[in-house]
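Below you'll find the structure, written out as structure tokens, and then a few comments.
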Amino acid sequence: MNDANTTVAAGLMKRFMAIIYDLFLLAALLFIAEMLPVALNHGAAISRDNGLLVFYLIHPLYILLVCFVFFGWFWTHGGQTLGMKTWKLRIVSLDGKPVNWQQAGLRFVAALFSWTCGGLGFIWSLIDKDKRCWHDMASSTKLIKL
């Protein structure tokens, strides 16, 4: 791998293309992950009306956990999701070392915040001199081109 100071930061369009690829894989994983709640709810979809309010309340947390494990695993084991491999991108710590689980967690939460702010955290990379998004800055990581 290149020295951390000589790497080239990934641009916004490459980030979005990798995200689109990853969304297809994540959607397939979420279909599989939904089998557990549906099975526990006797084959019915999760709703408030079926008497199992606990499923309704924890379901969003379960989905977030599945998403975090998906991204966190890839980020901490090689620094690349499938979409990032396709677009030749990698996440590394600012010192060039692999990302740890704490950084992955911070990155995930900050990325969610970036999306909930209408994508402003991603657009920030257009004005940042190092092309870093909010989640890059929050987790002391950077997305580099290989």
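Bear in mind that the values in this text are calculations on the coordinates, not laboratory data. Predicted model only: the values in this text are computed from it and were never measured. Positions of Cβ are generated from backbone atoms using ideal geometry, with glycine treated the same way; all protein chains shown enter the neighbour counts.
Quick notes
- Only Lys, Arg, Asp and Glu carry charge here, each on its Cβ (+1 for the first two, -1 for the last two); on that basis the chain has a dipole of about 460 debye about its Cα centre.
- Lysine pairs with alpha-carbon atoms under 14 Å apart, the chain, spacing 8 or more or separate chains: 12
- Phi to ³J(HN,Hα) by Karplus 6.51 cos²θ - 1.76 cosθ + 1.60 over segment 71-85, Hz, x for Gly, Pro: 5, x, 4, 5, 5, 8, 10, x, x, 9, 7, 4, x, 5, 5
- Cα lying deepest toward the dipole's positive end in the chain, options PRO60, HIS135, ALA10, charges on Cβ: ALA10
- Summarising the label geometry, the points placed 7 Å from Cα in the beta-carbon direction at ILE127 and TRP115 lie 2.4 nm from one another.
- When the chain is treated as a Gaussian network with alpha carbon springs shorter than 10 Å, the biggest mean-square fluctuation among ALA110, ALA18, ALA28 belongs to ALA28.
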